[in-house]
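Structure first, commentary second.
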Amino acid sequence: MKKKIFFKYLVLSCAFAVVFAGCRKEPAADKANETLNAGKTLIGFPDGMESSTFFDPFTDVKTIDVFTLKKDAANNADLEKAENFVISAVPDSLTAYNEAHGTAYELLPSSFYTVGTSSTDVSVSGDNLTFKFAAGDFAKNFEIKLDGSKLDLSKSYALAYKITDSAGVGIHAASRGAMYAFYSVKNKYDGVYTLGGTIARYVSGVADATLGGTYPDGLTVDVATIGTYTDSFSLLWITGAGVGGVTGLQLTVDPATNKVTVIATGNSAVQNTAGKDNYYDPDTKTFHLAFDWGADANNKRIFEGTLTYSGSR
């Protein structure tokens with residue numbers, strides 16, 4: 001999933017001339033035989049079929065990117081054709097996505113935003129967006145104006161769209177399904193954190209000195225919002241390699257006590273270590289954690305350390 005993090009909510013404007021070429025060319029190896037008739041003209045979503053945007057809380061109206069539609073012209077004649085392409089909202093696809101991925105995205109209510117793209121570029125009719133490509137156009141950026149005062153911090157939102165009328169132009173194979181744009185407001189714990197403390201890996205009762213030990217300086221992990229008081233995070237060995245077998249690690253902070261519960265959606269054995277204190281210190285923006293997992297005492301994995309805030313993601 002592609003992630004877009006907007007610190008100042010800067011929006012792409014007219015960078016397409018730099019990012020995209022108007023006409024598709026033959027591979028470099030065939031440059032001697034290059035022609036302006038290299039295959040078939042196609043349209044699609046050049047930035048991929050999923051994007052995630054994480055916002056700092058805001059209460060005004062921000063212009064937000066949703067997707068880019070690109071016409072990949074095979075020749076100059078196709079590039080000079082004026083064509084209209086229809087992209088339709090497919091909210092039912094979001095239900096299927098949640099079921100398939102175990103997520104709980106909610107459709108971004110239409111009352112939370114207005115279409116920000118110029119009316120000369122796109123017209124709106126119900127769930128349909130008609131993109132108007134004039135002669136020479138090869139990319140259009142679709143934007144919305146989002147009212148931050150209406151967003152619920154505890155929820156993650158999404159929009160889903162699909163190309164439904166390509167005006168006879170082929171659709172890129174990777175762009176034929178639903179395109180999802182995900183939006184979440186960061187909670188106060190969201191950010192990049194420096195790892196400290198120790199991690200242990202026992203195999204048949206023997207500590208692994210290669211992967212386990214005291215963390216060196218400079219290792220960082222992302223702590224990412226998934227709820228008002230819950231964040232996902234990753235864990236590393238002292239080598240900087242990712243720790244396997246603990247997919248879906250989550251931190252949940254009790255706002256009344258700052259006590260922290262650690263779980264992993266992909267491993268039910270992950271638990272707060274008995275007798276150890278897990279808590280968040282808001283003054284230093286530090287998680288003090290002690291948790292473990294493993295089949296038995298001789299094959300435990302134990303983390304006892306800190307995650308200290310070092311900056312925004």
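The values are calculated or read from the model by the stated rules, or taken from the named source; none is laboratory data. Since the structure is predicted, the reported quantities are computational estimates derived from the model, not experimental observations. Every residue, glycine among them, receives a Cβ derived from its backbone with ideal geometry; neighbour counts consider all protein chains shown.
One table, with the values for the structure above:
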{"quantity": "Yes/no for Ala181 being among the small types (Gly, Ala, Ser) and touching a residue at least 40 places away in the same chain (Cβ under 8 Å)", "calculated": "yes"}
{"quantity": "Test: residue in the range 100-112 that is surrounded by fewer than 20 Cβ atoms within 10 Å (Cβ to Cβ) and over 22 Å from the mean Cα position of the chain (by Cα)", "calculated": "yes"}
{"quantity": "Checklist (1) in a strand (DSSP E or B); (2) touching a helix residue (DSSP H, G or I) at 6+ places or on another chain (Cβ under 9 Å); (3) of a type outside the set (S, T, N, Q) applied to Gly136, failing item", "calculated": "(1)"}
{"quantity": "Within the range 248-274, considering residues that are exposed (fewer than 12 other Cβ atoms within 10 Å of the Cβ) and among the hydroxyl-bearing types (Ser, Thr, Tyr), the one nearest to the chain's Cα centre (by Cα)", "calculated": "Ser268"}
{"quantity": "Subset tally (residues that are modelled with pLDDT under 95 and among the polar types (S, T, N, Q)) for the range 300-313", "calculated": "1"}
{"quantity": "Single unsatisfied condition, Tyr180 versus (1) in a strand (DSSP E or B); (2) out of contact with any helix residue (DSSP H, G or I) (no Cβ under 7 Å at 6 or more places or on another chain)", "calculated": "(2)"}
{"quantity": "Members of the range 269-313 found to be of a type in the set (A, V, I, L, M, F, W, C) and in a strand (DSSP E or B), listed by number", "calculated": "Phe287, Leu289, Ala290, Phe291, Trp293, Ile302, Phe303, Leu307"}
{"quantity": "Condition met for Phe287 (closer than 14 Å to Gly196 by Cβ and either surrounded by 18 or more Cβ atoms within 10 Å (Cβ to Cβ) or in contact with a helix residue (DSSP H, G or I) (Cβ under 8 Å, 6 or more places away or on another chain) (or both))", "calculated": "yes"}
{"quantity": "Qualifying residue in the range 179-196 (condition: within 30 Å of Gly240 (Cβ to Cβ) and of a type in the set (Asp, Glu))", "calculated": "yes"}
{"quantity": "Subset tally (residues that are small (Gly, Ala, Ser) and crowded, with 17+ Cβ neighbours inside 10 Å) for the range 149-173", "calculated": "4"}
{"quantity": "Residue check, Thr210 polar (S, T, N, Q) and part of a loop (DSSP other than H, G, I, E, B)", "calculated": "yes"}
{"quantity": "Of all residues in the range 47-70 being closer than 21 Å to Thr225 by Cβ and of a type in the set (D, E, K, R), the one that is nearest to the chain's Cα centre (by Cα)", "calculated": "Glu50"}
{"quantity": "Subset of the range 243-254 [of a type in the set (Gly, Ala, Ser) and more than 20 Å from Asp190 (Cβ to Cβ)]", "calculated": "Gly244, Gly245"}
{"quantity": "Candidates Leu211, Leu289, filtered to the one that is among the aliphatic types (A, V, I, L, M), under 28 Å from the mean Cα position of the chain (by Cα) and either at pLDDT 95 or above or assigned by TED's automatic domain parsing to the domain that holds Gly102 (or both)", "calculated": "Leu289"}
{"quantity": "Residue within the range 296-303 that is of a type in the set (D, E, K, R), in the same structural domain as Ile199 (by TED's automatic domain parsing) and either under 22 Å from Gly102 (Cβ atoms) or touching an Asp or Glu at 6+ places or on another chain (Cβ under 8 Å) (or both) present", "calculated": "yes"}
{"quantity": "Residues of the range 81-97 satisfying the condition of being exposed (fewer than 14 other Cβ atoms within 10 Å of the Cβ) and outside any loop (DSSP other than H, G, I, E, B)", "calculated": "Asn84, Asp92, Thr95, Ala96"}
{"quantity": "Test for Asp222: is it farther than 30 Å from Thr130 by Cβ, acidic (Asp, Glu) and surrounded by fewer than 18 Cβ atoms within 10 Å (Cβ to Cβ)", "calculated": "yes"}
